[in-house]
1. Evaluate E = 1/(1 + (r/R0)^6) for A:Asn59 and A:Asn407, where r is the Cβ-Cβ distance and R0 equals 51 Å; express this FRET efficiency to the nearest 0.05.
2. Given a 1.4 Å probe and no ligands, DNA or RNA in the count, how much accessible surface is buried by B and A, both sides, to the nearest 100 Å²?
3. Between beta-carbons, use under 13 Å as the cut-off and find the net charge around A:Tyr133, counting Lys and Arg +1, Asp and Glu -1.
4. Based solely on its DSSP helices, what 222 nm [θ] is calculated for chain B when runs of n ≥ 4 H residues each add -39,500 (n - 2.57) and the sum is averaged over all residues, nearest 500 deg cm²/dmol?
5. Show me, for region B:404-409, the HN-Hα J-couplings you get by feeding each phi into the Karplus relation (A = 6.51, B = -1.76, C = 1.60, θ = phi - 60°), rounded to Hz, glycine and proline as x.
6. Determine, at each q value in 0.12, 0.13, 0.24 (inverse angstroms), the log₁₀ of I(q)/I(0) that the Debye formula gives when each Cα of region A:26-125 is one equal point scatterer.
7. Please report, as a whole percent, how much of the solvent-accessible surface of chain B comes from carbon and sulfur atoms (probe radius 1.4 Å).
8. Students often forget the sequence filter, so: which lysines lie under 28 Å Cα-Cα from A:Lys329 once same-chain residues fewer than 8 apart are removed?
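The values are calculated or read from the model by the stated rules, or taken from the named source; none is laboratory data. None of these values were measured; they are calculated from a predicted model. Cβ atoms come from the backbone with ideal geometry, glycine included; neighbour counts cover every protein chain shown. Areas reflect the complete protein model, heavy atoms only, side chains present, ligands, DNA and RNA absent. Shrake-Rupley method; radii C 1.70, N 1.55, O 1.52, S 1.80 Å.
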Amino acid sequence: MPAHQPSESFILVASGSDFPLDNLPYGVFSTSANPTRRIGVAIGDQVLDLSALTDKFLNHELFIKNNKNVFAQSTLNDFMSLGRDAWATARQTLTRILSATEPDLRDDESLRGRAFVKQSDATMHLPCHIGDYTDFYSSREHATNVGTMFRGADNALPPNWLHLPIGYHGRASSIVVSGTDIRRPVGQTRPDESKPPVYGPCKALDFELEMAFFVGPGNPLGQPIPIEKAHEHIFGMVLMNDWSARDIQKWEYQPLGPFLGKSFATTISPWIVTMDALAPFLVDNVPQSPAVLPYLQHTDRFSYDIRLRVDLQGTDLFGQRPVSVSNFKYLYWTMKQQLAHHTSNGCNLRPGDLLGSGTISGPAKSERGSLLELSWGSKEPMDLGNGVTRTFLRDGDTVTLNGVCDNGSIRLGFGPCTGKVLPALEI
Amino acid sequence: MADSTFLQLEEASDFSFQNLPFGVFSTANKPIPRIGIAIGNWIMDLSELDCFSGPEMAKQSNVFREGELNAFMGLGRNAWHETRQTVQRVLSSAEGYLRDNGHLQKRTLINQDDAIMHVPARIGDFTDFSASKRHAENDRIMFTDKSQRILPNWDYMPVAYHSRASSVVVSGTDIRRPNGQYANEDGNVDSGPVFGPTKKLDFEMEIGALIGTKNALSQPISVDSADNHVFGFVLLNDWSARDLQSWEWNPLGPFLSKSFATTISPWVVTAAALEPFLCDPICLQDPQPLPYLRSKSIKTYDINLTTSLQTEGQTEMHYSSSVICQSNYKVMYWTLAQQIAHHTSNGCNLLPGDLIGSGTVSGPTYYSSGSLSELSERGTKPITLVDGQRRAFLHDGDEVIIRGWCEDKSVRIGFGECRGRVLHHRQHSPPPFP
């Protein structure tokens, strides 16, 4: 099969850009000139404002919902709800009109002037209204590391781990877009079990390297999505930092799961990279043993080679340091399995729901996706050079997640997922 | 203003003149959901009234044309207070505005039997707490097979988890028995789990609080100001699949065992209507809570709660004879104010429309247990129903009805019903287990 020739846009795409013509991720943005939130697509260093195209190129009846064009909305939920045919039609249209060889948009000077905005002039917002947010626990390495630290190597994985993709509901209201400052949380911890718990600023603030997918069409309550149809409900992916307060989490999490240790903030990258854009990067699924129950079985590939990196910047550090390098392909459970499991009891997913992968850790030490694992429960502080170490995050630290796909002929990325830690507020 | 309405109300109606709960309804001849007030057997359609002329509501009355309470709640306590006063005046026996206008009455007063009720708010997040010690102890025995008491954190914080907002349904919605994974009970320790319909379907009798006023991200709500953020209360049934819960809960908490459905009653009883029923909790908190959970005046509400179980094929029986448990909200160890303060202590932001589940309201006595799991001692001692049938857990066709009310010598207000009937599970393809 001939190698894919990446197509060219008339918009200049710098070499190494996250946003070539093969990507076309969706986001919601505004500008100081026009503060209305609207839908855009990233291309090179530009944003193509889709709300400016609803009369000319995106006026297909497929894009009308409740008598309104989905691209005229301030969130992506309606577009996501339309399903794969509409997504494919939109992608075809946008690919065509952005192509270097197509004059329709390229030569329409007036429309070009209105429809393009520099990314540096755009303020990004959450791309959709998130009705429910679920976080999974789908990295075997992460679960084994954490389990080993707390229960010993023999009892690392709980007995259910290999049979179902464990997940829990997270807090939707505190999901923020990349660039939002993160206030160190305050809460109850119990550092000394022989004494009562105490209340104060979190002393074990951590990041979690994750990815998450957005649900497209949902399912009615009481009607599970069978796994063979799960991909029809998966729109696209973002990077996600599941900021965690490990000391608050440790004291609270039994038996009802993590709660305040997570709900103070979750950051996502602003550009949703579609599953169509990710198709060239499909790889084999991680083999599963023991065999999973039939409702979770699928043979089609649904694992993706997405290279991930976490960079740390701090007031005591000169420049950024990579602290973790991992890959989405390490995950044991696939997104199809997560989605089918989530609806297996009849639970209803809705367009815009966010499903996080869980911390993505690889087999090597440098591939661990959290400081908890990288510093092995603060027993092995990370050496960042020049006498600087880290066990957990300090005030002033900035954590940036990066994701890139590169198969030698196409390279695309997710844009940054970043957040800076601010000191806790006075109690 | 008189302290009664010109409308003829049944004695001991839940929706007395002192109540005036808010709900979202639609009708056959006007299918658009909108906001109303329950009074006796009527609904007063607020979207049809032209009388909101006070400083808070004069330019805002379009909020009553919304299909959810969020916009109205977001206007804040002064707006809620002014609206309550306006509604009291309109319904008052001493005011002619509605009393003497047959035409207006026809437009604005709808028989509850002619209305379809909807979930009253768009629920951004639904959190469920654990605030009954007896219920927590029962859970501990059921899910860990240990007879040790509850974990130490329970005494220091109102433990909670995020639950599923999308599957909150209004009273009257049928509940499909969920399928799921659970441990094989064939006695073979090496058997993997099975997948199929839950065999341990249960109800949980709870109170739900609706947040009316938000807090900004990273700005906690103090325990002394928490009550100001609450708009009102509903009855809540936190349907649970105990076998699914046993298998999945470790380590990240209940998930699919809860997310298949949660039922709430349609009429939101306001904090204002509940004020006469403020009381001291019956539990003393020991150990003393940390300062952020300590309040100068620790208050809860005296709300009577009952759950009835009616089996398939029973003729409509008088509710009281099918009651299987009876309790009171005031038995809860943690108050709502403490739950809210804890929930936001890390900076988490609550939004109007957020739903806070109290946790199963199980009191100190056996008969006050708010779930079948406790009443049947985790299925080991099935209860006997009034028609002679026995129940360890719920059967298909069973209908669970939660009721709640407050009364003193002069006033009675009630919550209506929170009901749901269990439907047979959905056949899942492919076949569950070879």
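1. Once the sixth-power term is evaluated, E becomes 0.90.
2. What B and A bury together is about 5700 Å².
3. Net of charged neighbours comes to -2.
4. When only DSSP H runs of four or more count, the value is -4000 deg cm²/dmol.
5. So the Karplus estimates, Gly and Pro as x, are x, 7, 10, 8, 10, 4 Hz.
6. -0.36, -0.43, -1.43
7. Solvent-exposed carbon and sulfur of chain B make up 49 percent of the total.
8. The reachable lysines, counting only those whose Cα sits under 28 Å from A:Lys329, are A:Lys229, A:Lys262, A:Lys365, A:Lys420.
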